[in-house]
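As C-alpha cells, the structure follows; a few thoughts come after it.
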Amino acid sequence: MTAVTTLAGESLVQSVDWLTIAPPTLTAVAALVVLVADLFVPEERKRVLGWTAIGGLVAALALLVPLRAGDRSTFCLTADTQVSACSYTADHFTLVIQLLVLGGALLTALLSLTETAEKLPAGEFWFLLLSSAAGAALLPASRDLATLVIALEVASLPAFALVGLKRGDRRSGEAALKFFLSSVTATAVTLLGVSFVYAATGTLHLTELAQRLDDVPGQLQTLAEAGVALTLVGFAFKTAAVPFHFWVPDTYVGAPLPVAAYLSVVGKAVGFTGLILVTVVAFPSYADVWGPALAALAALTMTAGNVAALRQVSTRAWSAVRLLAWSSVAQAGYLLVPIAAAAYSSDDQVGATVAYALMYAVVNLGAFAVVALVARRHPLNRLADYRGLYATSPAAALALGFFLLNLAGLPPGIIGLFAKVTVFSAAVDAGLGWLAVIMAVNVVIALYYYLRWTAMLFRTPETVPGTASEAAPGKGAEKAPHRAPVPITLAIALTAVAGAVLSGYPQFALRFAANSLF
C-alpha cells in the first residue's frame, strides 16, 4: 500500500508494509479490544481481559518470526525513484529490542493477573499496559526524530497512570506525580533539542541527520550543538542516569509491583534504545561531545546506584523493592558504558549494551516475580521476610538466589558474568581504561548487597519484632494464601529457564556484542 503526497511541488511516495509494522500495531489493537470489552464484561469475569492481553502479546511476539531476516523498511520517502530515507526500519536491532520489550510486557502481564483481580481496575490496567508496550515496540524501529519522540511518549504517558493506579494509596499518587514531573521535563528538553537540530539541518530522518550535521553552516553551528546536547539530556532523564535518577526509588516503591518490574526493564529499554539511535545513528559527527559525557554519566550512575543500594542493607528494615530500584540505577551505569565506548571505537560497541540488556531483562523480571510472591505473605517486603525463605519455599529461594548471582556476575549465573565481561571489554577496547577500573570497583561493591540478600535466603528463619510476620491473626500478611498463584509461578519458571538457557548457551545473547546491529 502506498500513500502519495506532494511537498514543494515534488511527488513523494510513502510505502506502507503492514507486516513490518505488525508487532506494535497488533499490540495497540489488543489494547483497544480490551478497553471496549471492559464495558461489556461483568465484574466476576474481568480476568478474561488479562488473558486477552496476554494473547495479544503472544501474537505480537509471533509476528517477529517472519521479520527475522531484518531487511524490511516502510514509510519510506521516494523522490525521483531514489529512496532517501525511511521512518520505520525492522532491522536486527529493532527485532531484538522488540523481543525484549514484548517479552518483558508478557511477563509483567503474568505477574499482574493476580494483582488486577485483587487490587487494581482490570480494564484500565490492561489498556494502559498494552498501550505502553505498543509505544515501546515502536521506538526501536523509529528512524526519524518525530517518530522517535512520539513513540517515547506513547510508551511513557500510560506508565504515569499505571504507577498511580492504586486508588486511595498516597504513596502511589506521590510516585506517579514524581514520575510525571520528571518525564514531562525530559520531554520538554528533548523537544527543544529536536527543534534546534531540525532548524540547523532541515531534516528529521536519522540517516540524513548524520550526513547533514557534518556540513552545518557556520552561523548554525551553535544551534546544532545546543540541539544535540539538549536531545541527549532529555534521553538521559529517560534512562535514569545520574543526576536524573531521583524519581526511581520512590516511583518503584509506590507503584504496583508488576508496574515497578515493567519500568525496571521495558522503561529502561525504551530510554537506552532512544539514546543509541540518537547518538550512534544520528549524531556520530558529535561523538567527541557525547562520548566523554556518556562515559562520565556511566561512572557516576553505577557508583551512585551501588552506594545507595549498599546503604539500604545497613538496616533490617530495608525494602526489597527499593534495593532493586537502586540496583537498576547501578545497572543503568553498566548499560551506558558500551554506548560511550562507541564514540571512541569504529567497532560495533553498542551490541554489548544489547547483550547486557537481554541478560538484565530476564533476571531482573525474575527477581521481581519472586518479590511479588513474597509480598503476598509479607506486604512490607523487608529483609527479615526473606530470612529462611528456602525452608518455606525452596524453589522460589533457589530461583531468587540464581537471579541475584546473575546480577552480581557470579557463577552459576554465567550469562551475568559473561555480560559484565563483554561490557568491561568494550570499555578497554575503546581506550577507556579509567572507566573499566571504576566499573570493576563497582562490581565488587555490588557483590556485598547481592550476596547478603542471597545468604539471607538460606539462614534459619527467625521472628523479628515489627515485621509483617508478627502481624496479628486476621491482619496483614496472614490473610494472604500460602500457595503461590499459577501466573506468578509461571513467570518465575519462565525467567529461571530463560536464565539457565542463556547461562548454558551465552552465545545467543553475546553474539549481538560481536555482530553489527545496524
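The values are calculated or read from the model by the stated rules, or taken from the named source; none is laboratory data. From a predicted model like this one, the values you see are computed outputs, not experimental measurements. We place every Cβ from the backbone using ideal geometry, glycine too, and count neighbours over all the protein chains shown. The protein model used for the area step is the full one, side chains on, heavy atoms only, and it has no ligands, DNA or RNA in it. Shrake-Rupley method; radii C 1.70, N 1.55, O 1.52, S 1.80 Å.
With at pLDDT 85 or above and closer than 30 Å to T203 by Cβ as the only criterion, which of A28, A3, A60, A53 stands out?
Step by step, each of A28, A3, A60, A53 is checked, and only A28 is at pLDDT 85 or above and closer than 30 Å to T203 by Cβ.
Can we say E174 is assigned to a helix (DSSP H, G or I), open to solvent by less than 50 Å² (accessible area, probe 1.4 Å) and in contact with a helix residue (DSSP H, G or I) (Cβ under 8 Å, 6 or more places away or on another chain)? Walk me through it before giving the result.
On the way: assigned to a helix (DSSP H, G or I): yes; open to solvent by less than 50 Å² (accessible area, probe 1.4 Å): no; in contact with a helix residue (DSSP H, G or I) (Cβ under 8 Å, 6 or more places away or on another chain): yes.
When the stated conditions are applied, E174 does not pass them.
Suppose the filter is in contact (Cβ under 8 Å) with a residue 12 or more places away in the chain, open to solvent by less than 20 Å² (accessible area, probe 1.4 Å) and within 16 Å of the chain's Cα centre (by Cα); does A186 pass it?
no
Here is a list: L447, L417, L451, L389. Which entry is more than 22 Å from G305 (Cα to Cα) and open to solvent by 10 Å² or more (accessible area, probe 1.4 Å)? Give the derivation first.
Details: L447 fails: more than 22 Å from G305 (Cα to Cα); L417 fails: more than 22 Å from G305 (Cα to Cα); L451 fails: more than 22 Å from G305 (Cα to Cα).
After ruling out the rest, the residue left standing is L389.
Considering only residues that are more than 24 Å from the chain's Cα centre (by Cα) and charged (D, E, K, R), which ones fall in the range 419-438?
Listed by number, the list holds a single entry, D429.
Considering only the range 121-143, state which residues are open to solvent by less than 10 Å² (accessible area, probe 1.4 Å) and more than 16 Å from the chain's Cα centre (by Cα).
Hits for the range 121-143 are G123, F125, W126, S142.
In the list L157, L177, L145, L191, which residue meets the criterion of being farther than 13 Å from Y286 by Cβ and touching a Leu at 6+ places or on another chain (Cβ under 7 Å)? Let's see the steps before the verdict.
On the way: L157 fails: touching a Leu at 6+ places or on another chain (Cβ under 7 Å); L177 fails: touching a Leu at 6+ places or on another chain (Cβ under 7 Å); L191 fails: touching a Leu at 6+ places or on another chain (Cβ under 7 Å).
One residue alone meets the criteria, L145.
Kindly establish whether A395 is in a helix (DSSP H, G or I), open to solvent by less than 30 Å² (accessible area, probe 1.4 Å) and out of contact with any Gly (no Cβ under 6 Å at 6 or more places or on another chain).
No: the conditions fail for A395.
Hey, any hits in the range 77-98 for a residue that's free of Cβ contacts under 8 Å to residues at least 40 places away in the same chain, more than 30 Å from L120 (Cβ to Cβ) and open to solvent by less than 70 Å² (accessible area, probe 1.4 Å)?
Taking every residue of the range 77-98 in turn, at least one turns out to be free of Cβ contacts under 8 Å to residues at least 40 places away in the same chain, more than 30 Å from L120 (Cβ to Cβ) and open to solvent by less than 70 Å² (accessible area, probe 1.4 Å).
Go through A330, A367 for me and flag whichever is touching a helix residue (DSSP H, G or I) at 6+ places or on another chain (Cβ under 8 Å), without any contact (Cβ under 8 Å) to a residue 60 or more places away in the chain, open to solvent by less than 10 Å² (accessible area, probe 1.4 Å) and in a helix (DSSP H, G or I). Step through it out loud before you land on a result.
Values: A330 fails: without any contact (Cβ under 8 Å) to a residue 60 or more places away in the chain.
Among A330, A367, only A367 is touching a helix residue (DSSP H, G or I) at 6+ places or on another chain (Cβ under 8 Å), without any contact (Cβ under 8 Å) to a residue 60 or more places away in the chain, open to solvent by less than 10 Å² (accessible area, probe 1.4 Å) and in a helix (DSSP H, G or I).
Taking into account only those residues within the range 42-51 that are open to solvent by less than 60 Å² (accessible area, probe 1.4 Å) and in contact (Cβ under 8 Å) with a residue 60 or more places away in the chain, which is farthest from A136 (Cα to Cα)? Spell out how you get there, then give the answer.
Going through the range 42-51, the residues open to solvent by less than 60 Å² (accessible area, probe 1.4 Å) turn out to be 42, 46, 49-50.
Then drop every residue that is not in contact (Cβ under 8 Å) with a residue 60 or more places away in the chain, which leaves 46, 49-50.
Numbers: K46: 26, L49: 21, G50: 19 Å.
That would be K46.
Hey, among R452, R459, which residue is outside any helix (DSSP H, G or I), touching a residue at least 40 places away in the same chain (Cβ under 8 Å) and closer than 29 Å to L400 by Cβ? Quick ask: steps written out before the conclusion?
Numbers: R452 fails: outside any helix (DSSP H, G or I).
Every option except R459 fails the conditions.
Is it the case that E208 is of a type in the set (D, E), open to solvent by less than 50 Å² (accessible area, probe 1.4 Å) and either in a loop (DSSP other than H, G, I, E, B) or closer than 27 Å to L102 by Cα (or both)? Walk me through how you get there before you give the answer.
Working: of a type in the set (D, E): yes; open to solvent by less than 50 Å² (accessible area, probe 1.4 Å): yes; either in a loop (DSSP other than H, G, I, E, B) or closer than 27 Å to L102 by Cα (or both): no.
Spelling it out, it is not the case that E208 is of a type in the set (D, E), open to solvent by less than 50 Å² (accessible area, probe 1.4 Å) and either in a loop (DSSP other than H, G, I, E, B) or closer than 27 Å to L102 by Cα (or both).
For (1) farther than 26 Å from N442 by Cβ; (2) in contact with an Asp or Glu (Cβ under 9 Å, 6 or more places away or on another chain); (3) at pLDDT 85 or above; (4) open to solvent by 20 Å² or more (accessible area, probe 1.4 Å), each residue gets a yes or a no:
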{"position": "A229", "(1), (2), (3), (4)": "yes, no, yes, yes"}
{"position": "F237", "(1), (2), (3), (4)": "no, no, no, yes"}
{"position": "L257", "(1), (2), (3), (4)": "yes, yes, yes, yes"}
{"position": "K268", "(1), (2), (3), (4)": "no, no, yes, no"}
{"position": "G274", "(1), (2), (3), (4)": "no, no, yes, no"}
{"position": "T279", "(1), (2), (3), (4)": "no, no, yes, no"}
{"position": "A298", "(1), (2), (3), (4)": "no, no, yes, no"}
{"position": "R316", "(1), (2), (3), (4)": "no, no, no, yes"}
{"position": "L323", "(1), (2), (3), (4)": "no, no, yes, no"}
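Specify the residue that is least open to solvent (accessible area, probe 1.4 Å); the eligible residues are those in the range 52-65 that are more than 10 Å from L26 (Cα to Cα), out of contact with any Leu (no Cβ under 6 Å at 6 or more places or on another chain) and not β-branched (V, I, T).
Per the criteria, the residue is G55.
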